[in-house]
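> Got a structure for you, questions after.
What follows draws every value from the coordinates through simple rules; no lab data is involved. Since the structure is predicted, the reported quantities are computational estimates derived from the model, not experimental observations. Here the Cβ positions follow ideal geometry from the backbone for every residue, glycine too, while neighbour counts run over all protein chains shown.
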Amino acid sequence: MSDRLLLKALARDHVPRRPLWIMRQAGRCLPEYRAMRETHSFKALSGRPNLAADVSLLPLRRYPFDAAIVFADIMSPLPALGVQFDFAPGPVVAEPIRSQAGVDALHDPDIECLAPEVIETVARVREAAPGDVAVLGFCGAPWTLAAYLVEGRGVKDFPTLRAFAAAKPAVLDGLLAKLSSAMADYLIAQANAGADAVQVFDSWAGLLSLADWERLIRPHLQNLLDTVGETGVPRILFVQNAPHLLDAYAKLPAEAISVDWRTDIAEARRRWPDRAVQGNIDPAVLLGGEDATRRAARDLLARIEPRGHIVNLGHGLLPETPLTSIDALVEAVHNEVVP
Ligand code: CP3
C-alpha cells in the first residue's frame, strides 16, 4: 500500500517518479475495448463485474499506469434512485426531473442497492491489479448528475438546468441533497470494497456564477466530501471549465484538485500548498501526435514540482487518440529524473 505512488502523491510525500494515469484510459481509444464493444453494449460491459473488471485492467496491459479506475459511469448508481436512462452515446434520461414531485419520487436507497455490480467490480480490480497500482473509485458530483437529470441529456451550456436553478432553487436544493447523500454512501461502499482513493467528477461545475455556486451547490458538495472524508479515503475533486470557481473548489475538503488545461497548474500548486494537484495536458494535444505530446509533457513537468503532482490530462482521452501519443506521454513521465 505504501508503495503506491499515487497515494504518496496524494499525501504530498516525496516520490521517486510522478504517478500517471489518464481519465477515460479504459475507453474507446483502445482497440481491444472497441472489439469488446462490438459484442456487448456499454451497459452490458459495465453491468457485469467480470467484464467490467477486465475492461478496467485493459489499459494496464499496454501502459504502466499508476492507477486503474473502475469501469462504470457517473450514471451507474442512479437506477437505485429510480432513474431510468440510456446512452446515446452520452446519458439520456427517460423522465427529466423538473418539479418537486420528480424529486419526491426519487428513492432513498439503502447503501447495498447502489450499483452493487460496481462495488463488486472494485473488489475484483483490487484483487487482480498489481500491488503498486492504486484502484480508483468515482462518482459524479451532485451538480453534474443534476445536469443530466434536469436537462435530460448533455446539451451545450445546459440552459434548462440553469433556468431550473433560477426558477426553483428549493427544488434544486432537495435534488442536490438526495444526490449528495446517495453519492456519499456510494463512495464509502467503493472504499470499503478496496478503492484506494475516490474521484468526484464535477464536469459541469462552471455553469453558474461564483455567488450562485456558493449559495446553491457548494453546501452539497461539501457534505458529500465531509462524509466520505470520515472514512479516511483520499478524495480527488475534478473540476472542469470553471476558472472563476477554482479557488472556491480548493477550499473544499479534498486531498487533490484535478484541473483542466485552461488552468495554470503550477500557479494553482503555489496558491494551494496544502492540496495535491492532478492534470492537466489538453486531451487534444495527443491528437497532434507524439512530438506535440512529448513537448507538452516536458513543459508540464518543468513547470510544476514533482511533490504532490499526479500527471493526467485536463479531461478525458478523446476516442481518436493515437496510441503512440500515449506512449510518448508515458515515456516523458518515466524518463524524468526526480531529485
Ligand atoms: O477510464 C474510463 O473509461 C473509466 C470509466 C468512465 C466512464 N465514464 C465510462 C464511459 C468514467 C470515469 C466516466 C465518467 C463520466 N461519464 C463523466 C465525467 C467525466 C467527464 O468526461 O467529464 C461524465 C460527464 C459522463 C457521462 C457520459 N457517459 C458521457 C458524456 C458519455 C458519452 C460520451 C463519452 O465521452 O464517451 C458517457 C458514456 C460512456 N461512459 C462511455 C464510456 C467508456 C462511452 C460508451 C461507449 O460507447 O463505449
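> Calculate the FRET efficiency for residue 111 and residue 335 from the Cβ-Cβ distance with a Förster distance of 45 Å, rounded to the nearest 0.05.
In this case the efficiency is close to 0.55.
> Taking amide H atoms as placed 1.01 Å from N in the peptide plane, list the residues 5 or more away in sequence, or in a different chain, whose amide H sits under 5 Å from that of residue 288.
Amide H neighbours of residue 288, under 5 Å, 5+ apart: none.
> Follow-up question, since we're still on this one. Relative to the longest principal Cα axis of the chain, at what angle does helix 323-335 sit, 0 to 90 degrees, rounded to 10?
Between the helix axis and the principal axis of the chain, the angle is about 60 degrees.
> Shifting gears a bit: Residue by residue, what Karplus-based ³J(HN,Hα) values in Hz, rounded to whole numbers, does the stretch 267-280 have, using 6.51, -1.76 and 1.60 with θ = phi - 60° and x for Gly and Pro?
My calculation for the stretch 267-280 gives 5, 4, 4, 6, 6, 10, x, 9, 10, 7, 10, 10, x, 7 Hz in order.
> Oh, and also: With a Förster radius of 45 Å, plug the Cβ-Cβ distance of residue 104 and residue 44 into 1/(1 + (r/R0)^6) and report the FRET value to the nearest 0.05.
0.90
> For 139, 29, 113, what ranking results if the residue with the fewest other Cβ atoms within 10 Å of its Cβ goes first?
Going from sparsest to densest Cβ surroundings: 113, 29, 139.
> Starting from the Cα-Cα distance between residue 303 and residue 166, subtract it from 0.36 nm times their residue separation and give me the gain in nm to one decimal.
Here the segment from residue 303 to residue 166 would lengthen by 45.3 nm.
> Sum up the charges of everything whose Cβ sits under 11 Å from the Cβ of residue 217, counting Lys and Arg as +1 and Asp and Glu as -1, but leave residue 217 out.
Net charge around residue 217: -2.
> Rounded to the nearest 10 degrees, what's the angle between the helix 169-192 long axis and the longest principal axis of the chain, both from Cα atoms, 0 to 90?
The angle comes out at about 50 degrees.
> In degrees, nearest 10, range 0 to 90: what is the angle between the Cα axis of helix 142-151 and the longest Cα principal axis of the chain?
60 degrees
> Just add up the charged neighbours of residue 92: K/R +1, D/E -1, any other residue whose Cβ is under 9 Å from the Cβ of residue 92.
0
> Could you tally the net charge around residue 238, taking each other residue with its Cβ under 12 Å from the Cβ of residue 238, Lys/Arg +1 and Asp/Glu -1?
Around residue 238, the charge tally is 0.
> What number, in percent, do you get for the relative contact order of the stretch 213-339 if the mean sequence gap of Cα pairs under 8 Å and at least 6 apart is divided by its residue count?
After rounding, I find 21 percent.
> Something else about it: With 10 angstrom as the radius, rank 249, 33 by how many other C-beta atoms surround their C-beta, starting from the fewest.
The most exposed by this proxy come first: 33, 249.
> Pick from 209, 46, 181 the residue whose mean-square fluctuation is largest in a GNM of the chain, springs joining Cα atoms under 10 Å.
Per the Cα network of the chain with a 10 Å cutoff, 209 tops the list.
> Give the long-range amide H neighbours of residue 141: residues separated by 5 or more places, or on another chain, with amide H under 5 Å away, using H modelled in the peptide plane at 1.01 Å from N.
201, 202, 203
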